Amino acid sequence: MECPSCARDLDHCHGTLVLHVDALVECTEPDCTDTDLVRHSLTIRCDEVDGDCVCTADYVVEYAQAS
């Protein structure tokens, strides 16, 4: 089965875009250099990833200290 975006020669990525609380964005595809949201059909927040993320732990601690 061929990817519809590949068949149409559209600029896209097959990886998942990970959106971090600290505004960092990264892709699970090792060769992806353009982390623009429109190139990725799959996105996930880092706090939804199994095993948590360092930036969400830092954010929680920072928020607790500010309260």
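The values are calculated or read from the model by the stated rules, or taken from the named source; none is laboratory data. This structure is a prediction, so every number in the text was calculated from the model and none was measured. Quick reminder, even Gly has a Cβ in these numbers, built from the backbone with ideal geometry, and neighbours come from all protein chains shown. Note: areas computed on protein heavy atoms with side chains; ligands, DNA, RNA excluded. Shrake-Rupley method; radii C 1.70, N 1.55, O 1.52, S 1.80 Å.
What to note about this one:
- Accessible area, probe 1.4 Å, largest first, for residues Cys6, Cys53, Cys46: Cys6, Cys53, Cys46
- Take the Cα of Leu10, step 7 Å toward its Cβ, do the same at Asp50, and the gap between the two points is 3.0 nm.
- With q set to 0.15, 0.24, 0.25 Å⁻¹, the log10 of I(q)/I(0) for segment 1-49, from the Debye formula over equal scatterers at the Cα positions, is -0.40, -0.87, -0.92.
- Added length on full extension, which subtracts the Cα-Cα distance from 0.36 nm per residue, Leu42 to Leu24: 4.9 nm
- Heavy-atom SASA rank of Thr16, Thr33, Thr28 (probe 1.4 Å, accessible area, largest first): Thr33, Thr28, Thr16
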